[in-house]
Structure formats: structure tokens, C-alpha cells
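Accompanying notes for the structure given below.
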Amino acid sequence: MATPQTAAFHTLGCKLNFSETSSIRRMFEDHGYGTVEFSDAASVYVINTCSVTEFADKKCRYAVRKAQKNNPDAKIVVIGCYAQLKPTEIAEIPGVDLVLGAAQKFRVLDYIDSLSQSPGKGLVIAGDVKEANSFHESFSFGDRTRTFLKVQDGCDYKCTFCTIPLARGNSRSNTVAKVIENTQQITDKGVKEIVLTGVNLGDFGNGTAVIEGLKPKKEALFVDLIRELDGVAGIERFRISSIEPNLLTKEIIDFVAQSKRFVPHFHIPLQSGSNEILANMKRRYRSELYRDRIDWIRQRMPDCCIGVDVIVGFPGETNQHFLETKEFIQSLDINYLHVFTYSERANTSAADMLGKVNIEVRRDRNAQLRNLSALKKREFYRRFVGVEMEVLIEKSHEEGFLTGFTANYLKVQIEGQDDLVNSIQKVKLESLLPNGSMKGSLIAALCE
């Protein structure tokens, strides 16, 4: 069939998915497609899915319906984690034409011609996740001020609640040399900040030797990668996305503390403050190690922003276990939480565990920790009222205003025009706003 004129893309889930969607968009553009917003009429819609929670699955269905509404005659392609885990289920969603698994999603253009031969039920091309054993370079560009650069994929951990190893395969990484090449490409586009992403970022190095056809051993550790990146000229900021506490070594923390480019911001999954629950989750640390990492960061970087992931309502989580978690988090000098309500996921051992927590209890615990998160965040923001800081400027949805982030991840709103976007400006932080950000006033341009 003739090559469609336009393609539109929609991403669900994590920063890693955003980086991959952006790379797939560029593949379409290189193949002669025009690209449009997902809300516009397009010939092909590509939906990159997440399946961390049941709600993410429902979001996929909603995105399919939205694409159909935008153009009933369009071809709809679903890729990503949900597509690997439940390809047949997705193929039965009305309107879906093609479902690609983890090993096939970067070959989407190879399958476009098959869409015309697949009336009715969607065509499924999704093999065993073990086939996803190669690393595909990805980074976002053109859709955000910051670039998400994928350096690692897959996971060898066996956390009892998690489907990601089933959806993405074993841990594998890019090489240091190729990450440097990607970084230089991004630098040449004028980007000011790179966010390093991966499924298990701190496990960087696994799989690189296998991909290069050498003996299976680590080419480098994550700390080696960030040391090399710190020497790349042109990038103002590097930010580390979520990293496991057992892999966030004191060596990494010490390096970030003295670096002028790696910013003082860590996001460190906790999941539970109860050692008994952590053991049932098969997490590779206990609360004592987690506290040690937080304390070490505070010693080395007092103004560092620290985010935390936590799951409530895991099977067997009693009121006492939850209280342990809440009190543990209250005692930590951390600054915000991402709170997840546990949901049963097929083919995970946690789904078969005894002691299921009532859904209303799960929601109540979620609300309690979200309130605690808001308190922690406000306390952190108040420390910087009246302080002058550098802000990387981004667009805002409000006319006449701009937003941006400080190096330590304070969200700031200022008055200004779009010509300041993607510049670093010195801003005086004046007060807290009802929307959770800070009001700031522009002082002077630092980086055009």
C-alpha cells in the first residue's frame, strides 16, 4: 500500500517510554512520514504502553478510543510493556490493527504493509520476551526541553510485584562509547539537560559485552559512565532518574556531590519501610541500608532533592506494617513521594500471596502518604524562599508565564515570553504557589 502521509504518537508510563517513542517517531520521519499531534487526524497512530498498574492498562484502551475518534479510518499500532504482556487481549480491542512485542517494536515500519491484510482482529507479532536481548538506542528530542537518554534496558531482579522483567527481558545496556555519541548528538541540538534513564539504571553495564559479541562481562559500571559523561562539553545538566538504593553507592553519591554538571537530585525507590514486607517483595536491601543512603546524601549535599517510590496495600501488609512505613518515611529527610496502590498483576508471585488488603484500606493508606508527601514537599520548598537560583526555562500552558526547574528540582513559575525557553536564567524564588510550585522573578539571562 502507499505510505501514509502522517503518523501520531502517544506515550504511557515512564521516561524510558518517552525516549523510545521519540526515537520511533524519528524513524517514521526518516521514512517519509509527516508527524502530527495525537489529538489531530493521522493515517497511523502508535501507542506506546505501560503496564505497571491496572490503571495503565485502562489508559491504553482510552488512547485507542481517542485515536479512533480522531480518525476512524486510521491504522492503530500498540507497542510497549502492555503489548508484550497481553498481546491477544489488546488485539481484540476494537480498532487495534497491529500489536508488537518487546523484540519487534523498533521494527514497526517493517510491519506497516501488513496492516491492509489484517481486517477485523488486530495482527499480533509478539514472541517470547527472551527474544528482547538487544539494546536499541533511544533518546527524546523536540517534544520536551529536557532529553531522556536511555542507557539501560530490562531487569534481572525478581521483585514479586513487578511485571517489567516479563515485559522487557533481561538487563542489557548501551556501551559507554555509544552513550557518549548519543550525548554529543543531543548537545549539537542545543539541549541543556539530559536525564539518564533505564529500567534498572544502576545496573548499567550488564549486556554490553554480549551485544558486542564478546565474553559476557560488564564493560563498565554506572559510576564509570557518569564520570565519562561529566567530561562531555556542551551539556549544562545531567540528571539521574530512578536508581535502586542498593546500586546507589556512596561512590556515586560522592561523585555527584563534587560534579558541576550532575545535579543534586535523586529518586530512590523504597516501596516499604517494613523489612518484613521488603523481604516478601524480594527487594535487595533493607530499611537500614536505605536510611544509610539518605543520610550520606544529606551529609554530602544538604540541598539535594530526594524523591521516593512507595507501594501501599501489598499482600500481607497489616496496619502495623503500614505504620512502620509511614513512621520510617516521616523520620527520613526526603522531599516528595510517588505513592502507588498495589494492584494484582498476572504472572507475578505476589498475586498468589495470602493476606490481600481490602481495596478501601489500600486507598486510605495511599491518601495518608500523599498527604505526607505534600507536607514534605512544602517543607523543602520553604527552605528556598528568598534564595536566588538558576532555572532551566520551559513553556507554560498559561499565557505570559513560563515554568522551569532548578538543579535540585524545585518547580518555578515566572513571568516571561517564549524566547526564554531552553535557556538557564537566574531567578529569585519569592513564595509558594497554590499549585505546588514556586513564584519566581527573573534576574538576568545566564545562558542563551
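The values are calculated or read from the model by the stated rules, or taken from the named source; none is laboratory data. If you're wondering where the values come from, they're calculated on a predicted model, not measured in any experiment. Cβ coordinates were reconstructed from backbone atoms using ideal geometry, including for glycine residues, and neighbour counts include every protein chain displayed.
Look at I334 and say whether it is in contact with a helix residue (DSSP H, G or I) (Cβ under 7 Å, 6 or more places away or on another chain), part of a loop (DSSP other than H, G, I, E, B) and not charged (D, E, K, R).
So I334 passes the test.
For segment 351-367, name all the residues that are in contact (Cβ under 8 Å) with a residue 24 or more places away in the chain, assigned to a loop (DSSP other than H, G, I, E, B) and of a type outside the set (K, R).
M353, L354, G355, V357
Could you go through segment 274-281 and let me know if any residue there is under 16 Å from Y342 (Cα atoms), touching a residue at least 60 places away in the same chain (Cβ under 8 Å), in a strand (DSSP E or B) and not assigned by TED's automatic domain parsing to the domain that holds F405.
no
Out of segment 384-398, which residues are free of Cβ contacts under 8 Å to residues at least 40 places away in the same chain and exposed (fewer than 14 other Cβ atoms within 10 Å of the Cβ)?
Within segment 384-398, H397, E398 qualify.
Quick check: anything in segment 69-77 touching a Cys at 6+ places or on another chain (Cβ under 8 Å) and assigned by TED's automatic domain parsing to the domain that holds I125?
no
Looking at (1) small (G, A, S); (2) under 24 Å from K86 (Cβ atoms); (3) over 18 Å from the mean Cα position of the chain (by Cα), can you tell me which one G154 breaks?
(3)
With the structure loaded, tell me whether P269 is surrounded by 15 or more Cβ atoms within 10 Å (Cβ to Cβ), at pLDDT 95 or above and under 23 Å from the mean Cα position of the chain (by Cα) or whether it fails that test.
yes
Of all residues in segment 368-418, count the ones that are of a type outside the set (G, A, S) and in a helix (DSSP H, G or I).
14
Quick one: T187 ticks every box in (1) surrounded by fewer than 19 Cβ atoms within 10 Å (Cβ to Cβ); (2) at pLDDT below 80 bar one, so which box is it?
Tallying (1) surrounded by fewer than 19 Cβ atoms within 10 Å (Cβ to Cβ); (2) at pLDDT below 80, T187 fails exactly one: (2).
For F401, indicate whether it is of a type in the set (F, W, Y) and farther than 19 Å from P264 by Cβ.
For F401, the condition - of a type in the set (F, W, Y) and farther than 19 Å from P264 by Cβ - is met.
Pick from A42, A8: which is part of a loop (DSSP other than H, G, I, E, B) and at pLDDT 90 or above?
Answer to the selection: A42.
Please go through segment 65-119 and pick out each residue that is among the acidic types (D, E) and either at positive phi or free of Cβ contacts under 8 Å to residues at least 12 places away in the same chain (or both).
D73, E89, D110
Across segment 45-95, what is the total count of residues that are among the aromatic types (F, W, Y) and surrounded by fewer than 20 Cβ atoms within 10 Å (Cβ to Cβ)?
2
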